[in-house]
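Since the structure comes first, as structure tokens, the remarks are kept for the end.
The values are calculated or read from the model by the stated rules, or taken from the named source; none is laboratory data. Computed from a predicted model, the values in this text were never measured in an experiment. Every residue, glycine as well, gets a Cβ built from its backbone with ideal geometry; the counts of neighbours run over all protein chains shown.
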Amino acid sequence: MSAWATGQRWVRVRLVTVGIVLVVLLASLVARAWRLQIKESKKYRELAEDQYLKEVELPSRRGRILDRHGVELAASAEVESLWVNPAEINALGHGEEIVRAFHEVLHIDLPTLRKALRTHRHFVWVKRRLSPEEAAAVRGVQRRGVYFTKEPRRWYPNRALAGPVLGWAGLDGVGLEGLELHYDKQLRGARAEIQGLRDALGREVFSEGLETPGHGGYDLVTTIDKFIQYRLERALEAGVERNHAKAGVAVVLDPKSGEILAMAAVPTVNPNDPSLQPGQAVRNRAVTDPFEPGSTMKTFSISAAIEAGLVKPEEHWYCENGKYQIGPATIHDAEKIGDVTTTQVLAESSNICTAKIARRSGRERVHNLLRRFGFGAATGIDLPGERGGVLRPVERWGEVELATVAFGQGITATPLQVARGYATIANGGTLFRPRVVSRVVDDKGHVVTEFPPEGHRVLAPEVAATMRQMLFAVIQPGGTGEKLAIPGYRAGGKTGTAQKVDPATRRYSTDKWASSFVGFAPLDDPRLVIFVMVDEPSGTHYGSMVAGPVWRETMEAALHYLHVKPSEPAAVATMPPSTSGSAPAIEEEGVVSVSEEEVVTPGAVEVPDFTGLSLGEAVEMAQRAHLALEIAGSGRVVNQSPGPGRARASSRCHLQLSPPG
């Protein structure tokens with residue numbers, strides 16, 4: 001083959017090779033383009049948007065928390081928050097001037113401020129949720145690079161009222177405790193998002209359009225009654241202080257629905273600034289702190305025997321004069337008790353005869369009844385942190401364990417569980433799930449979610465009626481709670497005085513007690529069940545003397561407030577005095593009446609000068625003067641009729657209230 005032919009062949013080979021390479025390269029480019037533009041386009045579009053789109057979250061209005069009458073317990077208000085653009089400030093060169101100005105008006109230390117402005121970022125918070133005074137002071141020294149933005153701030157207008165129940169929300173509007181935590185999703189709502197463009201340095205170009213709509217949080221309408229809550233807290237605080245106790249807890253229930261009308265704990269917490277409270281105060285003790293309830297459990301032990309027909313209320317028992325041997329254990333009564341009826345066993349609170357009654361019932365029957373009443377399991381209340389207490393398996397009950405559980409030792413329960421058990425007896429045998437929120441509503445008042453009562457029967461009505469009559473004997477002469485009778489109202493209840501276990505020795509302490517009282521009224525148609533426990537009182541430790549007065553004062557005030565008519569004429573004479581401080585301000589508009597039945601009306605009365613007083617101060621002054629009031633508006637008294645001076649005993653004084661300013 002000639003040299004020319006050979007050269008021609010290699011040229012063709014090179015051309016084909018180059019062509020093949022070009023085809024392969026072109027195919028690769030097409031494949032790559034197809035993968036980027038079609039197959040993975042969504043992925044790369046999102047990556048690009050992350051670089052040049054800025055998402056701005058607009059916090060939604062957090063829903064309110066209201067009492068059962070619509071009074072605000074928690075609300076939100078728009079306040080100023082301060083932020084800076086350090087990159088802009090540094091470019092203009094007035095960083096040190098701003099640092100010193102903020103130091104003077106906001107009292108933030110200089111090193112912290114200098115560190116915040118030393119960065120090259122375009123957004124740094126200086127202080128969020130400024131007070132009006134702080135915002136005004138900052139505006140007086142405002143420079144370029146210093147900006148304000150509106151943020152919602154959570155506030156609690158009644159300060160510490162119902163603090164452990166309400167809980168609180170953090171700076172970012174997220175619920176951290178109590179109802180604020182449990183219903184955080186409903187209260188928070190959906191945040192709106194606005195997308196805007198930003199440049200290569202991350203600086204915002206504009207923020208408009210491309211909005212993702214949000215909606216404000218829903219309101220919670222609770223079952224709490226502000227007035228009853230206030231009276232319960234004041235009485236409990238006074239009881240804890242009076243007995244130099246470690247703590248106190250109390251619950252008010254509507255036995256016909258399981259609704260919580262009030263729930264209090266001492267020490268308490270102010271949700272406006274929970275950091276000021278000691279760590280132990282943030283607990284809602286009514287649901288988080290099980291304790292050995294002591295003699296309040298005797299009601300349930302005896303109920304088991306009454307239900308089975310093994311014991312009659314009038315049957316006689318011998319209580320061994322205060323000392324009785326069961327197996328290796330010796331059981332004592334607080335007083336020497338001899339021959340008594342079953343009703344007197346409960347009224348005089350005999351450990352010995354309660355143990356005898358429980359032995360006749362048998363451990364399975366007692367254990368079964370306690371389980372039916374919900375002991376040993378959480379109630380399911382709509383509050384966080386609830387504990388169920390301890391009810392040991394019946395297989396682990398010996399003769400001694402049966403006796404001790406029967407009178408309230410060797411078992412633990414929360415205050416709420418004990419209150420719910422007595423509410424079941426009060427309402428005729430239906431065990432309700434307790435609730436704090438009755439419904440969730442939107443900003444127009446439309447119901448989003450409603451929570452009707454949930455209950456099921458656990459005790460026959462006739463057995464419950466028998467137990468109510470036996471509990472009535474506790475507050476009669478000869479009963480452990482005889483000094484707690486409310487004039488004009490028949491009531492039933494039970495004292496509890498339980499030794500606490502010493503954590504160091506793991507034995508029952510000789511000087512640490514949990515003193516309690518739980519009861520309901522009126523006896524024939526109970527409207528309220530109130531449980532009170534005072535933890536580790538100093539001096540006397542009997543439930544009737546420590547917790548009983550708190551129960552009596554709260555029950556009497558609440559019955560008058562609810563206009564529950566007394567069954568005996570003697571009760572119309574007085575309206576219970578306030579324990580301390582003034583009554584809570586009733587914030588809703590309208591007319592609030594103090595019934596004429598609730599005041600003494602002998603002869604003429606002296607009408608005080610109410611002008612300038614708050615509603616609480618006016619009500620207290622009217623109580624002292626035995627004067628009936630009719631009140632309109634809210635705030636402070638601006639007008640009254642009749643004026644100060646003598647008036648007929650049957651006169652009603654009309655007060656017109658108006659907000660200050």
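Values as computed for the structure displayed
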item: Restricting region 328-343 to residues that are surrounded by fewer than 20 Cβ atoms within 10 Å (Cβ to Cβ) and aliphatic (A, V, I, L, M), the residue that is farthest from GLY496 (Cα to Cα); result: ALA329
item: Unique residue being under 17 Å from MET263 (Cβ atoms) and surrounded by fewer than 15 Cβ atoms within 10 Å (Cβ to Cβ) when the list is GLY380, GLY445; result: GLY380
item: Breaking point among (1) over 15 Å from LEU236 (Cβ atoms); (2) touching a helix residue (DSSP H, G or I) at 6+ places or on another chain (Cβ under 6 Å); (3) of a type outside the set (Lys, Arg); (4) outside any helix (DSSP H, G or I), for SER538; result: (2)
item: Failed condition for VAL518, given (1) under 19 Å from ASP254 (Cβ atoms); (2) out of contact with any Phe, Trp or Tyr (no Cβ under 6 Å at 6 or more places or on another chain); result: (2)
item: Single condition MET545 does not satisfy, out of (1) of a type outside the set (Gly, Ala, Ser); (2) under 28 Å from the mean Cα position of the chain (by Cα); (3) not in a helix (DSSP H, G or I); result: (3)
item: When residues of region 432-451 are limited to those that are more than 12 Å from TYR218 (Cα to Cα) and hydrophobic (A, V, I, L, M, F, W, C), the one nearest to the chain's Cα centre (by Cα); result: VAL436
item: Test for VAL165: is it within 28 Å of ALA87 (Cβ to Cβ), in the same structural domain as TRP83 (by TED's automatic domain parsing), in contact (Cβ under 8 Å) with a residue 40 or more places away in the chain and aliphatic (A, V, I, L, M); result: no
item: Residue that is surrounded by the most Cβ atoms within 10 Å (Cβ to Cβ) [pool: residues in region 347-369 that are touching a strand residue (DSSP E or B) at 6+ places or on another chain (Cβ under 9 Å) and not polar (S, T, N, Q)]; result: CYS353
item: Any chance GLU104 is crowded, with 19+ Cβ neighbours inside 10 Å, within 40 Å of the chain's Cα centre (by Cα), at pLDDT below 80 and within 21 Å of ARG129 (Cβ to Cβ); result: no
item: From LEU161, LEU176, residue being in contact with a Phe, Trp or Tyr (Cβ under 8 Å, 6 or more places away or on another chain) and surrounded by fewer than 19 Cβ atoms within 10 Å (Cβ to Cβ); result: LEU176
item: Pairs where the first residue, in region 528-540, is assigned by TED's automatic domain parsing to the domain that holds THR296 and among the acidic types (Asp, Glu) and the second is in a loop (DSSP other than H, G, I, E, B) and surrounded by 19 or more Cβ atoms within 10 Å (Cβ to Cβ), C-beta under 7 Å, 6+ apart; result: ASP535/ALA245; GLU536/ALA245
item: Residue in region 436-445 that is more than 27 Å from LEU181 (Cβ to Cβ) and of a type outside the set (Asp, Glu) present; result: no
item: Count of residues meeting criterion [at pLDDT below 75 and outside any helix (DSSP H, G or I)] in region 69-101; result: 2
item: Single residue of region 240-254 satisfying the filter (among the charged types (D, E, K, R) and within 16 Å of GLU553 (Cα to Cα)) that is surrounded by the most Cβ atoms within 10 Å (Cβ to Cβ); result: ARG242
item: Qualifying residue in region 426-434 (condition: without any contact (Cβ under 8 Å) to a residue 24 or more places away in the chain, among the small types (Gly, Ala, Ser) and over 30 Å from GLY327 (Cα atoms)); result: no
item: Hits in region 303-350 (condition: within 16 Å of SER361 (Cα to Cα), part of a helix (DSSP H, G or I) and of a type in the set (D, E, K, R)); result: GLU307
item: Subset of region 240-251 (residues that are part of a helix (DSSP H, G or I) and more than 22 Å from GLN417 (Cα to Cα)); result: GLU241, ARG242
item: Every residue from region 58-83 that is surrounded by fewer than 17 Cβ atoms within 10 Å (Cβ to Cβ), small (Gly, Ala, Ser) and on the phi < 0 side of the Ramachandran plot; result: ALA77
item: Which numbered condition PRO274 misses (of (1) of a type outside the set (Val, Ile, Thr); (2) modelled with pLDDT of 95 or more; (3) not assigned by TED's automatic domain parsing to the domain that holds TYR542); result: (2)
item: GLU134 vs. criteria surrounded by fewer than 17 Cβ atoms within 10 Å (Cβ to Cβ) and acidic (Asp, Glu); result: no
item: Residue ID - surrounded by the fewest Cβ atoms within 10 Å (Cβ to Cβ), chosen from residues in region 291-327 that are over 19 Å from THR466 (Cβ atoms) and either in contact with a Pro (Cβ under 9 Å, 6 or more places away or on another chain) or not assigned by TED's automatic domain parsing to the domain that holds GLY338 (or both); result: PHE291
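This table checks each residue for (1) assigned by TED's automatic domain parsing to the domain that holds ALA423; (2) under 17 Å from SER349 (Cβ atoms); (3) modelled with pLDDT of 95 or more.
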{"site": "PRO452", "(1), (2), (3)": "yes, no, yes"}
{"site": "PRO487", "(1), (2), (3)": "yes, no, no"}
{"site": "GLY543", "(1), (2), (3)": "yes, yes, no"}
{"site": "PRO549", "(1), (2), (3)": "yes, no, yes"}
